[in-house]
1. Check whether at least one residue in region 67-88 is among the acidic types (Asp, Glu) and under 20 Å from residue 41 (Cα atoms), and report yes or no.
2. Filter region 43-61 for residues that are surrounded by 13 or more Cβ atoms within 10 Å (Cβ to Cβ) and over 18 Å from the mean Cα position of the chain (by Cα); which is nearest to residue 136 (Cα to Cα)?
3. Please give the number of the condition residue 131 fails out of (1) surrounded by 13 or more Cβ atoms within 10 Å (Cβ to Cβ); (2) under 26 Å from residue 21 (Cα atoms).
4. Applying the selection to region 118-137, what residues are out of contact with any helix residue (DSSP H, G or I) (no Cβ under 7 Å at 6 or more places or on another chain) and at pLDDT 85 or above?
5. How many residues are part of a helix (DSSP H, G or I) and either at positive phi or crowded, with 19+ Cβ neighbours inside 10 Å (or both) when one looks only at region 74-90?
6. Pairs only if they're at least six apart or on different chains, beta carbon under 6 angstrom, first in region 79-107 and among the basic types (Lys, Arg), second not in a loop (DSSP other than H, G, I, E, B); list them, first residue then second.
7. Can you go through 67, 51, 97 and tell me which one is modelled with pLDDT of 90 or more and within 26 Å of residue 24 (Cβ to Cβ)?
Amino acid sequence: MITVRHLVRRNRLLAELQSVPVIRKGSRFALVGALSGLFYLVVLLLLTDILDTPPQVASVIAYIAALPLNFIGQRHFAFGSANHWRGDLVRYAGLVLLSLAASYCIVWLISVKFGLPPLLGGLATILCIPVLTYVCMDRFVFGLWKFRAKG
């Protein structure tokens, strides 16, 4: 049953999503993600082409190497966190683990459970994980100061 309270909440959410600060924050989030992805690719290529590292190992090393860049960029540039960095880092590490688990589950569900090509699972992951990480970073990882100020 749709109530007036439900409609008011939905309208507030839509207004928030269409606001300039949210668009700016989302753009910054995407820019930091793109730079982190580019850094990942450079490290991956250096490891595989120059150091003859197996691709699977190089991928994990490159992913881990890109995490500090992503954390610092998202924390300072995209979300402007006023929290203590240690708490942000712990929550960020939890989000990384959640994202890895979610991407595994998405690919498994689409590829194994539904029997569709792995490419579709990968594409679904590319679409879903950034949304998950944006919301979690905004509301949980870097956004706690908003809730403390109100409480």
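The values are calculated or read from the model by the stated rules, or taken from the named source; none is laboratory data. Note that this is a predicted model, so its numbers are computed, not measured. Every residue, glycine as well, gets a Cβ built from its backbone with ideal geometry; the counts of neighbours run over all protein chains shown.
1. No; the residues of region 67-88 include none that is among the acidic types (Asp, Glu) and under 20 Å from residue 41 (Cα atoms).
2. Only one residue fits best here, namely 61.
3. (1)
4. 127, 131, 135
5. Total meeting the criteria: 4.
6. 91/141
7. Checking each option against the conditions leaves just 67.
This table checks each residue for (1) within 25 Å of residue 142 (Cβ to Cβ); (2) touching a Lys or Arg at 6+ places or on another chain (Cβ under 8 Å).
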site	(1), (2)
63	yes, no
73	yes, no
79	yes, yes
82	yes, no
93	yes, no
121	no, no
132	yes, no
